[in-house]
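Chemist: Below you'll find the structure I mean.
Derivation of every value follows stated rules applied to the coordinates shown; laboratory data play no part. The model shown is predicted, which means the values in this text are computed figures rather than measured ones. Using ideal geometry, Cβ is built from the backbone for each residue, glycine included, and neighbour counts are taken over all protein chains shown.
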């Protein structure tokens, strides 16, 4: 059977990670992922889990562990990791922990083009985004507090701590940006073009 070197997508890694624990049926994987709130990190649908399992099976990362039959209910195929799957899981996890890949967040692109809308409109839109970010922060705080009270060890909540730190830093930066926009401390596009009528925005900015 042909094997690949690494999983291709985040959901692939999540499936492999759950199967490190024990053999599972795809539907059980989907339920467990939602129960553990992994849907905050990866877009999860049951059909997607089945598709990932089929792909990983084709790569030689998974094998059929058992086929369960209960009365007239459809058969349920339980899958387990192969040695290649365990190695792929380990290699991918180590790579993600150690390396800093180039990513392309949509917010950065939007900020780079914010000058294309009027100053007041940009501020209004950024405030809408800030409300959503603040709501997400409150939800993550609630989840981290709840799991802490439930005695979930911190080693299983490291992603939550990182998310809290990131959101708080982003909100602080955004608050400062909005304050400077409101107080005209940032020259907007019409002002920049007025001061640079010959060159406009051609070429590198100073």
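Chemist: As I understand it, the value is the acute angle between the Cα axis of helix 10-21 and the longest principal axis of the Cα atoms of the chain; what does it come to in degrees, rounded to 10?
Modeler: So the inclination is approximately 40 degrees.
Chemist: For helix 46-59, report the angle its Cα long axis makes with the longest principal axis of the Cα atoms of the chain; keep it between 0 and 90° and round to the nearest 10°.
Modeler: Around 70 degrees separate the two axes.
Chemist: Give me the Å³ per residue figure for the convex hull around the C-alpha atoms of region 30-78.
Modeler: Enclosed volume per residue, from the Cα hull, is 99 Å³.
Chemist: Who wins for biggest fluctuation among 107, 56, 13 in a Gaussian network model of the chain, springs between alpha carbons below 10 Å?
Modeler: 107
Chemist: If you don't mind, there's one more thing I want to ask. Percent relative contact order of the chain, based on C-alpha pairs within less than 8 angstrom and at least six residues apart?
Modeler: Relative contact order comes out at 18 percent.
Chemist: Run lengths n ≥ 4 of DSSP H only: what is the helix-derived mean residue ellipticity at 222 nm for the chain, with -39500 (n - 2.57) per run over all residues, to the nearest 500?
Modeler: That comes out to -19500 deg cm²/dmol.
Chemist: Which residue, 191, 154, 80, has the most motion in a Gaussian network model of the chain that connects Cα atoms within less than 10 Å?
Modeler: It is 191.
Chemist: If I build a Gaussian network model for the chain, linking alpha-carbon pairs within less than 10 angstrom, which residue out of 151, 85, 58 has the largest mean-square fluctuation?
Modeler: 151
Chemist: How high is the relative contact order of region 106-195? Use alpha-carbon pairs under 8 Å, at least six apart in sequence, and give a whole percent.
Modeler: 43 percent
Chemist: Just want to confirm a number: the relative contact order over region 50-133, from Cα pairs under 8 angstrom separated by 6+ residues, in percent.
Modeler: Relative CO of region 50-133 lands at 18 percent.
Chemist: Same structure, new question: What shape does region 10-98 take by its C-alpha gyration tensor, where a ≥ b ≥ c are the square roots of the eigenvalues and a/c under 1.5 counts as rounded, a/b above b/c as prolate, and the rest as oblate?
Modeler: Oblate, because a/c is 1.5 or more while a/b does not exceed b/c.
Chemist: Give me 79, 104, 27, 50 ranked fewest to most by other Cβ atoms within 10 Å of their Cβ, as a rough exposure proxy.
Modeler: Fewest-to-most ranking of 79, 104, 27, 50: 104, 27, 50, 79.
Chemist: Tilt of helix 26-35 relative to the longest C-alpha principal axis of the chain, in degrees (0 to 90, nearest 10)?
Modeler: Rounded to the nearest ten degrees, it is 50.
Chemist: Distance between Cα centroids, region 18-75 to region 94-127: provide it in whole Å.
Modeler: Each part reduced to its Cα centre gives a spacing of 34 Å.
Chemist: Consider the candidate values (i) 13.5; (ii) 17.1; (iii) 11.2; state which one is mean projected area of the Cα convex hull in nm² computed from the structure displayed.
Modeler: (ii)
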